[in-house]
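Shown next, in C-alpha cells, is the structure this report addresses.
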Amino acid sequence: MPTFDVDAERITVFQIDDEYLFSHYFDRTDVFEELQEHYNGDAYRFEIPAEEFQDVSEFLESEYYELDVVDGLEPYCVVKEQYTEHAEILKQSVAHWERRQHLFFLMKDDLALKEAIEAGATPIADTEFVLGL
C-alpha cells in the first residue's frame with residue numbers, strides 16, 4: 001500500500017481576549033463552509049471563541065492545516081502615518097486600528113509582515129508606540 005507525506009499548510013493565529021483570530025483564504029469550499037459561522041466578512045477574518053478553538057483546530061488538522069498560535073502580538077504589528085498609502089497592508093492584516101494620527105496593523109503572518117515593512121510600515125517595536133488594541 002503506498003504512503004505519502006503531506007505538509008500541512010500553516011496558519012498563524014492570534015489570541016485576543018477570549019477569541020482566536022486568523023485570516024486565511026481556503027480554496028476548498030467544503031473547508032470554508034465548515035468554518036463559515038466563524039467568519040467575519042466585514043473584517044475578512046475568522047473569529048473562533050476560545051471554547052470552540054480545540055474543535056476547529058482538530059478539524060483543520062484533519063484537512064492538512066496547522067494552526068500556529070503565536071506568543072505575543074507585537075512582533076506582527078506595524079505602524080504607518082495616517083493618510084499615507086496603506087491599502088495593500090490593510091488587505092494582509094488580521095486587525096487594524098487608529099491612534100494618535102497613526103494606523104496600526106496586526107499582520108496575518110511573517111510574509112505579510114515583511115511585505116508591510118517593504119511598503120513603508122514600521123514595526124511597532126521600532127517606534128515610541130506600545131501595543132494596544
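Observations, loosely collected:
- Ordered by the number of other Cβ atoms lying within 10 Å of each residue's own Cβ, fewest first, Ile11, Ile89 fall into the sequence Ile11, Ile89.
- For segment 74-126, projected area of the alpha-carbon convex hull averaged over all directions, nm²: 3.1
- Computed label-point distance, nm, for sites Glu88 and Ala8 using a 7 Å Cα→Cβ extension: 3.2
- For the chain, the calculated P(r) over all alpha carbon pairs, in 10 Å bins from 0 to the bin holding the longest distance, is 12, 40, 30, 14, 3, 1, 0 percent.
- Packing here is the average count of other Cβ atoms within 10 Å per residue, and on that basis the peptides 120-132, 94-106, highest first, run 94-106, 120-132.
- Sorting Leu35, Leu73, Leu111, Leu21 from the fewest to the most surrounding beta carbons within 10 angstrom yields Leu111, Leu35, Leu73, Leu21.
Values in this text are rule-based calculations from the coordinates and carry no lab data. Nothing here was measured: the structure is a model prediction, and the numbers come from that model. Positions of Cβ are backbone-derived with ideal geometry, glycine not excepted, and every protein chain shown enters the neighbour counts.
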